[in-house]
Amino acid sequence: LSPAEVAELRAAFPYFNAPPREDGRTVAYLDAAATSQRPGTVLDAERVFLETANSAVHRGTSGAVGAATAAFEGARAAIAAFVGASTPEQIVWAENATDALNIVALGIGEANAGLGVAGSERYQLGMGDEILVTEAEHHANLIPWQRLAMKTGASLRYIPVREDGTWTLDDAREALNSRTRVFAFAHVSNVTGFVAPVAELAAIAREVGAITVLDACQSVPHIPVDFEALGVDFAAFSGHKMLGPNGIGVLYGRPEALEALPPSRTGGSAITRVTMEAAEFMPPPLRFEPGTQPVSQVVGLGAAVAFSEEVGMRRAAAREHELVTRLVEGIIATPGLRLLGPVDPAERVALAAVSVDGLHAHDVGQFLDEQGVLVRVGHHCAQPLHRALGITSSTRASVHLTTTEDEVDRFLDALRGAQRYFSVEVAA
Ligand code: PMP
């Protein structure tokens, strides 16, 4: 993407056309990893749907319901194609990635509580079985597995991180064994940006008979992703990090994996037959979508995918790689900053977190905010990873296809400014 193309893209986002702040500064938004801004087409798609086509999907026989259902299911097909699912039925709507991961972990819990569906035996877990995660996981891909382990008697094991917060294929090979039943890990770490070798990991997991659950929150918005080619059983991601609305997330599943998973949330519209004693459930995906769904958000997510496809994920990834390289090189060149994660920009995607020697991340964050540089500070929902790195918090800048070189430089300048402002002694 040329500077002119980036400028054109930015013009499509109302957020980036907002007037400067009261202090006269424009905002450098470097927090897309937490939540991304939305193009006008996404905002319009939701508004137009609500103004002209809003009705209860999958309920009733009116033409209006038919049109709304078509929009709702059309978006499902668009997402399926975007992430390499062969059929729209492999896409389940959730509230966000957290919810999508819980659908899997809680579903396996139901299967073990005697509430399975046909094929649920594959999810049998108990004493002696292992659930494997990594020490770098976001809490959303850790706590549901802790709870499942507590419920079933299985052990929760983890691949420890190395000094830079990354882990390797060999580390995973060592940890995966015939007792491993579930292997859950992030495609891209939200702290180190480290990209896991998913296809190789999924193949090893399959060999030992474990299912793979991929946290794809930080990959789907930034690089081309094909879950079928990667060979994972489940994958979860959030609409609001990929130019889409809040309140909508996605669970992808391989057909056999989804079919054997029982629902953990139950109620209206996910069923075929109900008596006073029991219920029979629909096949996926509707089995996992009880109650009224976030229809306008689904439509908005469809528009977000259309926007991303028009730009092209390959082009977006190449552009973001340039930005991340600039970010990483700037951090490495600045004494007193500790870069978390891989030093080689080719091994990371879309973000970089630093620890500033002698400063708490919240002080850094406040200084950056005064400069109009919006980043995320804290533990980024990854406390065990920060603990392993010997720190309590860090400062994370994340880029997106609309980020400019100037914004990256403003972040780097502001970090150096914070060092000066707080008179941090920096060894030359
Ligand atoms: N996993 C990762 C790697 C993330 O970055 C996030 C969002 N910070 C989540 C899971 C949770 O996403 P959400 O809050 O949208 O459910």
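The values are calculated or read from the model by the stated rules, or taken from the named source; none is laboratory data. Only a predicted model underlies this, so the values are computations on that prediction, with no experimental measurement involved. No Cβ is skipped: glycine too gets one built from the backbone with ideal geometry, and neighbour counts run over all protein chains shown.
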| Residue count for region 12-54, restricted to those that are more than 21 Å from GLY239 (Cα to Cα) and part of a helix (DSSP H, G or I) | 3
| query | Does VAL92 satisfy the criteria of being farther than 26 Å from LEU230 by Cβ and either in contact (Cβ under 8 Å) with a residue 24 or more places away in the chain or touching a Gly at 6+ places or on another chain (Cβ under 6 Å) (or both)? | reply | no
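Is it the case that THR52 is of a type in the set (Ser, Thr, Tyr) and at pLDDT below 95?
Working: of a type in the set (Ser, Thr, Tyr): yes; at pLDDT below 95: yes.
Criteria met by THR52.
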| request: May I ask you to list the residues in region 343-364 that are of a type outside the set (Val, Ile, Thr), away from the ligand (no atom under 16 Å from the Cβ) and touching a helix residue (DSSP H, G or I) at 6+ places or on another chain (Cβ under 9 Å)? | output: ASP344, PRO345, ALA346, SER355, ASP357, GLY358, LEU359, ASP363
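Only one of SER269, SER238 is in the same structural domain as ALA105 (by TED's automatic domain parsing), modelled with pLDDT of 95 or more and among the small types (Gly, Ala, Ser). Can you tell me which? I'd like the intermediate steps shown before the answer.
Numbers: SER269 fails: modelled with pLDDT of 95 or more.
Going through SER269, SER238 in turn, the sole match is SER238.
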| note | Those residues of region 223-251 that are more than 14 Å from the ligand (Cβ to nearest atom) and either among the acidic types (Asp, Glu) or not in a loop (DSSP other than H, G, I, E, B) (or both) come to a total of 6
| said: Under 8 Å between Cβ atoms, which residue pairs at least 6 apart in sequence (or on different chains) link something in region 229-256 that is free of Cβ contacts under 8 Å to residues at least 60 places away in the same chain with a partner that is among the charged types (D, E, K, R)? | reply: GLY231/ARG206; VAL232/ARG254; ASP233/ARG254
| Which of (1) surrounded by 18 or more Cβ atoms within 10 Å (Cβ to Cβ); (2) free of Cβ contacts under 8 Å to residues at least 40 places away in the same chain; (3) not acidic (Asp, Glu) is the odd one out, the single condition THR392 does not satisfy? | (1)
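I'd like to know if region 87-100 contains one or more residues that are of a type in the set (Ser, Thr, Tyr), assigned to a loop (DSSP other than H, G, I, E, B), more than 22 Å from ALA172 (Cα to Cα) and in contact with an Asp or Glu (Cβ under 8 Å, 6 or more places away or on another chain). Walk me through how you get there before you give the answer.
Pass one, region 87-100, residues of a type in the set (Ser, Thr, Tyr): 87, 98.
Retained after the next criterion (residues that are assigned to a loop (DSSP other than H, G, I, E, B)): 87.
With the extra rule that they be more than 22 Å from ALA172 (Cα to Cα), the set shrinks to 87.
Add one more test, that the residue is in contact with an Asp or Glu (Cβ under 8 Å, 6 or more places away or on another chain), and what stays is none.
No - not one qualifying residue is present in region 87-100.
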| Checking ILE223 against (1) touching a residue at least 12 places away in the same chain (Cβ under 8 Å); (2) closer than 30 Å to ALA118 by Cβ; (3) surrounded by fewer than 22 Cβ atoms within 10 Å (Cβ to Cβ); (4) β-branched (Val, Ile, Thr), the condition it does not meet | (2)
| note | Of ALA80, ALA71, ALA111, ALA75, the only residue that is assigned to a helix (DSSP H, G or I), modelled with pLDDT under 95 and away from the ligand (no atom under 16 Å from the Cβ) is ALA71
| message | Which numbered condition in (1) assigned to a strand (DSSP E or B); (2) touching a helix residue (DSSP H, G or I) at 6+ places or on another chain (Cβ under 8 Å) is the only one that GLU280 fails? | response | (2)
| said: Which condition from (1) more than 30 Å from LEU261 (Cα to Cα); (2) outside the structural domain of VAL375 (by TED's automatic domain parsing) is the one that GLY60 breaks? | reply: (1)
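Looking only at region 70-86, which residues are touching a helix residue (DSSP H, G or I) at 6+ places or on another chain (Cβ under 9 Å) and closer than 13 Å to SER296 by Cα? Spell out the reasoning first.
If we filter region 70-86 for residues that are touching a helix residue (DSSP H, G or I) at 6+ places or on another chain (Cβ under 9 Å), which is where we start, we get 71-86.
Within region 70-86, ALA71, PHE72, GLU73, GLY74, ALA75, ARG76 meet the criteria.
Can you pull out every residue in region 117-146 that is more than 16 Å from the ligand (Cβ to nearest atom) and part of a helix (DSSP H, G or I)? I'd like the intermediate steps shown before the answer.
We begin by selecting, within region 117-146, every residue more than 16 Å from the ligand (Cβ to nearest atom); these are 117-132.
Passing the criteria: SER120, GLU121, ARG122, TYR123.
So which of ALA257, ALA216 ends up being within 10 Å of the ligand (Cβ to nearest atom), assigned by TED's automatic domain parsing to the domain that holds HIS187 and surrounded by 21 or more Cβ atoms within 10 Å (Cβ to Cβ)? First the steps, then the outcome.
On the way: ALA257 fails: within 10 Å of the ligand (Cβ to nearest atom).
After applying the criteria, what remains is ALA216.
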| note | Over region 270-327, the set of residues among the hydroxyl-bearing types (Ser, Thr, Tyr) and surrounded by fewer than 18 Cβ atoms within 10 Å (Cβ to Cβ) is THR272, THR275, THR292, THR325
| request: Could you list all residues from region 14-30 that are in contact (Cβ under 8 Å) with a residue 24 or more places away in the chain and closer than 16 Å to SER398 by Cβ? | output: PHE16, VAL27, ALA28, TYR29, LEU30
| note | Note on region 372-396: residues within 15 Å of the ligand (Cβ to nearest atom) and β-branched (Val, Ile, Thr) are VAL375, VAL377
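Considering only residues that are β-branched (Val, Ile, Thr) and either closer than 12 Å to ALA235 by Cα or within 16 Å of the ligand (Cβ to nearest atom) (or both), which ones fall in region 87-108?
From region 87-108, those β-branched (Val, Ile, Thr) are 87, 91-92, 98, 103-104, 108; that's our starting set.
Within region 87-108, ILE91, VAL92, THR98, ILE103, VAL104 qualify.
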